[in-house]
Every structure is written in structure tokens, then in C-alpha cells.
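The block underneath contains the structure these notes are about, expressed in C-alpha cells.
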Amino acid sequence: MTKLNELRQALGVATDEHKRLADELPALIDDGQAFEAKKVEVTAAKAKVDRCRSAVHETEEALQRSALLAAPALEDQRRSLVQHRRPLYSGLKSFKDFKDERGVLIRAEDQAYRVGQFVLATVFGIEQSQKWCNENGIVLTRAQSEGVNSAGGWLVPEEMMASIIVLRELFGVFRRSAQIVPMGRDTLNWPRRTGGVTAYFVSEGVAPTESQAAWDNVNLTAKKLAALIRLSTELSEDAIINVADWIVGEISYAFASKEDDCGFIGDGTSTYGGITGLANKFTGLAGLYTATGHATFDTITATDISQTMALLPQYALPGAKFYCSQYAFALMFERLVAAGGGNTISTLNGEVQYRYLGVPIVVSQKMPSTTPTGKIGLYYGDLAKAAAMGERRQVSVKRSDDRYFDTDQIGLMGTERVDINVHDVGDTTTGGPIVAMKMG
């Protein structure tokens, strides 16, 4: 275990102890002596957490400084590595050119080359690539595994992580729309207000009626999500640019696809990591409209959509969007727009607009398409107010020599630790920040 991981583990233990002591404090409020003694323990535990956090921060900064000092002195030399030394066999899909904060162009090929060297250094254990990474500012950091911080693969470099983040948000509807919550520990709870204080008219000299705000907890428990792909054992260094591009694309799409599965159709089973998605939250709720007699998207009327929209509370309107499949978009929204009065040839020949009544439409292929009868075919609302996605740690990768031994290939596994909690869809009397339309 590295020094940094040891410090992170100590921080986790100290944080848990501080929380345990702090949770015991309210029960002692009527016992003055015990309460004061417990306060001293809580204060000491908090000081230990602060010391551990400072130690982690200082160690992380030291590692970053070492990586920066190892980078080449000439930025031009670093940016021209690919164009002078390595061929590009096809166009890159997962990396894009961009300009850094100084306006310097960072080429996609250079990003992919650095990721490729990282793969050769960590997955294949090539000493030359390990040396290259150390000389070019790529810190080969071991990742956290389960609950605490034992080794579990290699944390990917910033170029790879940045591209994975962009592609996950490009592919993943749920990640793009839900509230993203960083998780410092495996389990995270935060309070959610469920009811407020009530004001009453009172007569002179009469005490007012007491009321209290109501709270509950939203819970996130990090779960490991893994994507396994194959690589040839005879990977040529000349091909690392395109291989890196392919690896990033495959891992990104796999994560985004599974996150959407969990967020939209998760049923609480192990297939979805115990996550219950939107489709299985809407049972007997006020925010569910049933399009009676309209079992397919080509029979849905403008009134059905309006009836669904009417269920959404006003506070969710500013960030409201429609969520449906591409099939539903074409047969429902596009059909209704084309049938509306006032269309001209120019309008009908124009670019497809993913909006209806001015509201953005987000397409997710995880939602029903050709057989929607009895299923929820449309959501409307602000998903960020209804669901949270927790992230425990960034992506890491590791290899297996045994899984595909008979085909002379190796397994490359990317992992992340996340959780999804669809925590607010209203109740039996009031619609929540997202409402739904069920096909009749």
C-alpha cells in the first residue's frame, strides 16, 4: 500500500469515528456533564480528521509537483511527440483537439499517445513506457479498491479521464441530467427537507400552535461498476494511439450505457447493482398520467402530453425536459408537430428540432420503443431535482493474463465506483420534480 493510500485510509477511519461521536451527542443533551465530555471527544476527533485531511492534501500536492518537474522543459517538444514519431492509422473518435488555459493547442494525437504509453506502462508492464511516463509527467498512481484504500488497479491519467468524462456525458443521458454528488466515503447521507413549518393566525394572549420542519435522508452507497475488454498480447507500440482511442471509447460507452440502465429501468436486483430506476418508482403516484386507450406512440395526442405536463409542480419548470426514446420522438412529437397548423414546406424541410412547446427533448434508447403498451413512454421534469448520482472514485484500469489465455489475449478491465438514488418522484397526492406518462 502506498503512503498516499495509507493516509487516505487513516482519513476514512478518522471521519467515521468523528461521525459516530457526533451522532451520540444529541442523546446526551439533558446530561450536562456527559454532554460536555462528549463534546471534548467530538472536538478531538474533528481535529484528527483535519490533520489527516491536511496530510493527504500535502502528499497529493507533492506527487503532482514531482510529475510536473519530470515533464519536458520545452512544451513544443511535448506537443510534437506524435507527429514526429508515431503513425496514425485512422481518425480518432474519442480524443479531440483543445486549447489549454494559455491558449496552447493540445492535439488529439498527443493526448492519445500519452494514454497509450500509460497503457503500455501499467497494463503491459513495459519498462521503457514506465520510464517515459515518469519523464513526461504521468503519475502512475495505484487506485483505491473496496471500502478502504487497498490497491485496485491504476488511476488513469488526466487525458484519459477527461475524455471518458466527456464521452460518458455524451452517451449517458442519466449522468448528463442527474445531480452529480462527489463521495468522500463509501456511504454518503445528506438531509432532505420533506415538510415545512406552518404559520397560524393567533389571538392576542394566545400561544401559537407549534409545528416543525420534517427531514429525511438521501443515501448513496458506492458500488463497483466494471467493463471488461480484450487486447492482443502482441500490441505494437506503433499502434498505441489508435488502441488508446478505442479503449477510451469502449470503456466510456459501457459505463454510460449501464448508468442509463440503472437510472431509467433499474429494478433493484443485482443486475442493476441494487439500484431502482425511474420506471420502477412510479407506482400509484400522483405524478403518473395514464394515456387510456392510447397504447402506442402513434396514437398519443397533444392532450395526453399536456395532461402529463400539468402534473409537474411549478418549482421544477425552469429545468424541465422531456425524456423518451428516438422511436417515441419520431412517432409522437414529430408527428404532432407536422400535423400542427401553420407548417410550410420550409418548416418541414428544416433541421429536426428536439423541442416541443419550447421544452427540450432528451433521447434515451433505454426507454420503451416498439412495444410500449403498459409501460412509461415519457418523462417530463427536472431530473437533477429527482435523482442523484454519487461518484466515489474516478476510473481505474487493470489487466488479467488468465481470462483469455486460450486465445493469447489479455483482459483489460476498467472500473468506477458509483451509485444512483432516484429520491423524489412525489407521492400519492402530489407530483414530484419529474412526472411520467404511461401508455394505456
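The values are calculated or read from the model by the stated rules, or taken from the named source; none is laboratory data. Not measured: the values here are computed from a predicted model. When we count neighbours, we look across all protein chains shown, and the Cβ atoms used for this are built from the backbone with ideal geometry, even at glycine. In case anyone asks, the SASA skips ligands and DNA or RNA and just uses the protein heavy atoms, side chains included. Shrake-Rupley method; radii C 1.70, N 1.55, O 1.52, S 1.80 Å.
With Cα atoms as the point set, the radius of gyration and Dmax of the chain evaluate to 26.7, 88 Å.
For the pair S257 and M161, the difference between a 0.36 nm per residue extended length and the Cα-Cα distance amounts to 32.8 nm. Working note: 222 nm ellipticity from helices only, DSSP H runs with n ≥ 4, each -39,500 (n - 2.57), summed and divided by the residues of the chain, gives -11000 deg cm²/dmol to the nearest 500. Please work out whether the range 231-347 counts as rounded, prolate or oblate from its C-alpha gyration tensor, where a ≥ b ≥ c are the square roots of the eigenvalues and a/c under 1.5 means rounded, while otherwise a/b larger than b/c means prolate and anything else oblate? It is oblate, given that a/c is not under 1.5 and a/b is not larger than b/c.
Both the radius of gyration and Dmax for the range 353-407 are 19.8, 57 Å, in that order, over alpha-carbon atoms.
Helices meeting the span-like rule in the chain (full DSSP H runs, Cα extent of at least 18 Å along the helix axis, mean Kyte-Doolittle score of -1.0 or higher): 3-24, 32-70, 108-122, 158-171, 240-260.
According to the Cα-based calculation, Rg over Rh for the range 332-440 is 1.16, with Rh computed by the Kirkwood formula. Each other residue within a Cβ distance under 14 Å of Y289 adds +1 if Lys or Arg and -1 if Asp or Glu, for a net charge of +1.
Using a Förster distance of 51 Å, how high is the FRET efficiency between D402 and S306, based on the Cβ-Cβ distance and rounded to 0.05? Efficiency, from the Cβ-Cβ distance: 0.30.
When the residues V352, V435 are ordered by accessible surface, computed with a 1.4 Å probe over the protein chains alone, the sequence from largest down reads V352, V435. I165 exposes around 70 Å² of accessible area when a 1.4 Å probe is run over every protein chain in place.
For the range 6-67, the direction-averaged projected area of the alpha-carbon convex hull comes to 4.1 nm². Think of the chain as a dipole: +1 on every Lys or Arg Cβ, -1 on every Asp or Glu Cβ, centred on the Cα centre; then among G153, A199, V337, V337 lies furthest on the positive end. Accessible area of V40 (1.4 Å probe, protein heavy atoms only, ligands and nucleic acids ignored): about 100 Å². Across the protein chains, with a 1.4 Å probe defining accessible surface, the residues E61, E135 rank E135, E61 from largest area downward. For the set K258/K438; K258/K385; K93/K375; K93/K385, the pairs lying more than 27 angstrom apart at their alpha carbons are K93/K375; K93/K385.
Other residues within the sphere of radius under 13 Å centred on the Cβ of F329, judged by their own Cβ, net out at +1 (K and R +1, D and E -1).
Loop-located GluC sites (Glu not before Pro) across the range 331-422 with a Cβ neighbour count of 12 or fewer within 10 Å are E351, with loop assigned by DSSP.
You can think of it this way: the chain between Q326 and S270 has 17.4 nm of extra reach, that is 0.36 nm per residue less the Cα-Cα gap. Classify the range 245-304: rounded, prolate or oblate, from the alpha-carbon gyration tensor (a ≥ b ≥ c, eigenvalue square roots; a/c under 1.5 rounded; otherwise prolate if a/b is larger than b/c)? Oblate. The magnitude of the dipole of the chain, with charges of +1 and -1 set on the Cβ of Lys/Arg and Asp/Glu and taken from the Cα centre, is near 360 debye. Among the trypsin sites (Lys or Arg not before Pro) in the range 373-427, those placed in a DSSP loop whose Cβ has at most 16 other Cβ atoms within 10 Å are K375, R403. State the extension gain, in nm to one decimal, for the chain segment bounded by L170 and A22, taking 0.36 nm per residue of separation less the distance between their alpha-carbons. Gain on stretching L170 to A22: 49.2 nm.
Only protein heavy atoms count here; on that basis, with a 1.4 Å probe, H423 has an accessible area of about 40 Å². Given contacts defined as C-alpha pairs under 8 Å and at least six residues apart, what's the relative contact order of the chain, whole-number percent? Value for the chain: 18 percent. Shown is the FRET efficiency for T299 and K99, computed with R0 = 41 Å from the Cβ-Cβ distance and rounded to the nearest 0.05: 0.25.
Model label points for Y315 and V40, set 7 angstrom from Cα along the Cα-to-Cβ axis, are 4.3 nm apart. The label-point distance for N280 and K375, in a model that sets each label 7 Å from Cα toward Cβ, rounds to 1.5 nm.
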